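Engineer: Got a structure for you, questions after.
The values are calculated or read from the model by the stated rules, or taken from the named source; none is laboratory data. Since this is a predicted model, take the numbers as computed values, not measurements. Every residue, glycine as well, gets a Cβ built from its backbone with ideal geometry; the counts of neighbours run over all protein chains shown. To get the accessible areas, we keep the full protein, side chains included, count just its heavy atoms, and leave off ligands, DNA and RNA. Shrake-Rupley method; radii C 1.70, N 1.55, O 1.52, S 1.80 Å.
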Amino acid sequence: MTKTSRRSWRSAPVKRLPRAVRLVPDETLRSYLARLAKANHLKSDDLRLHLAPDLTPTSRTAHTWLESLAIASGASIDVLCYALPELRDQHPALHLLSLRGRTIAGKPNTLGFACRRCMAARGIFTPVERWTRHEHNVCVRHQLWIGRGLVQADAQFSVAALPEIVRAQSWHLRLLRRHGRSWVYRAFLDADMIRSRWMAYKLWHTVAERRQRALTTQPLWRGHPATHAALYPEVVGLTSLLASIYWRQRTLTDDVHELDRFYAAVHSRVVPDYQPTGYRDHLVRWISDQRKLYDLAGLLDLVHTDTPRETIESTPWKA
Ligand SMILES: [Zn+2]
């Protein structure tokens, strides 16, 4: 396409493009537009200007995208809004869509990439950027790490040699079903912070270092995708305790035997060589902070330890 014809095409009325591309749930708008442009041998910027010719780059609204994108792609407005979360706010009858439980664009979700092997199986061979929930870390079917720390799709790596990481993904999903997403999300953030502090002090490193060596030559390093993968079974194991009312109650009573039972559960579910270790142990600090919060709120006296004991699941590193 020459410069002149490109300019006139940009300002022409929007028509259906010759080639459609398959929609992927939770894909970002820029990713979908890039795939649609590539399939039709267009530049992404040209396609954007064609869909919204009268607006400046900073003022192109999703509303304009939605109507013109439906024409250009051949997909209905409803179908586009279900698949592409960024477009939903501009739907003319949003209340009629069934959006409960669907992934939203923005926090607490983050940008990530769909499993490249799952995409290839659907005939999609370019990276698919999508809005990712905190529990989306491993493609269980392909045993690929697709989650935290990754900044590009082709950096996804196999965790097949470490099946406990794949099992941790399944365990994570079970926790969501049992306790609900928002509660597990908060417990996961706390567990991740505690495990990261342990790493900073090189506490209970043995198992995590072995996993890291199986994945990369790099040492354990916060933010590195291999480190996220190496620590994932322990973070999920700790999440299971922090999300459990039964185990939380053990940390809030004055009965030292109950607290010892909690620490024994950390030993069995999280790190096999765990022992509470003074001020450097961020789990000890976390428990102390929780007790202060309950005390300030006047709730400490209301804590009972008679909640029925939940089923003890196998630890993620065990077969
Ligand atoms: Zn996959």
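Engineer: Working carefully through the options Val151, Val166, find the one that is more than 27 Å from Arg100 (Cα to Cα) and surrounded by fewer than 20 Cβ atoms within 10 Å (Cβ to Cβ).
Structural biologist: Val151
Engineer: Give the residues of the stretch 88-108 that are over 21 Å from the mean Cα position of the chain (by Cα) and not in a loop (DSSP other than H, G, I, E, B), sorted by residue number.
Structural biologist: Asp89, Gln90, Leu94, His95, Leu96
Engineer: Go through the stretch 196-207 and report how many residues are touching a residue at least 60 places away in the same chain (Cβ under 8 Å), assigned to a helix (DSSP H, G or I) and surrounded by 18 or more Cβ atoms within 10 Å (Cβ to Cβ).
Structural biologist: Qualifying residue count, the stretch 196-207: 2.
Engineer: For the stretch 271-287, how many residues are buried (at least 16 other Cβ atoms within 10 Å of the Cβ) and in contact (Cβ under 8 Å) with a residue 60 or more places away in the chain?
Structural biologist: 6
Engineer: Here's a follow-up. Being in a loop (DSSP other than H, G, I, E, B), closer than 28 Å to Leu293 by Cα and open to solvent by 10 Å² or more (accessible area, probe 1.4 Å) is the filter here; which residues of the stretch 215-258 pass it?
Structural biologist: Across the stretch 215-258, the qualifying residues are Thr253, Asp254, Asp255.
Engineer: Moving on. Can you tell me which of (1) of a type in the set (Ser, Thr, Tyr); (2) open to solvent by 20 Å² or more (accessible area, probe 1.4 Å); (3) away from the ligand (no atom under 16 Å from the Cβ) is the one Ser158 doesn't meet?
Structural biologist: Result: Ser158 fails condition (3) only.
Engineer: Further question: Given the conditions (1) within 12 Å of the chain's Cα centre (by Cα); (2) in a helix (DSSP H, G or I); (3) of a type in the set (D, E, K, R), and given that Arg148 satisfies all but one, which numbered condition is not satisfied?
Structural biologist: Every listed condition holds for Arg148 apart from (2).
Engineer: State all residues of the stretch 109-135 that are assigned to a loop (DSSP other than H, G, I, E, B), away from the ligand (no atom under 11 Å from the Cβ) and open to solvent by 30 Å² or more (accessible area, probe 1.4 Å); if no residue qualifies, say none.
Structural biologist: Answer for the stretch 109-135, where residues must be assigned to a loop (DSSP other than H, G, I, E, B), away from the ligand (no atom under 11 Å from the Cβ) and open to solvent by 30 Å² or more (accessible area, probe 1.4 Å): Gly123, Phe125, Thr126, Pro127, Arg133.
Engineer: With respect to Val184, determine if the residue is among the β-branched types (Val, Ile, Thr), more than 16 Å from the ligand (Cβ to nearest atom) and open to solvent by less than 20 Å² (accessible area, probe 1.4 Å).
Structural biologist: When the stated conditions are applied, Val184 passes them.
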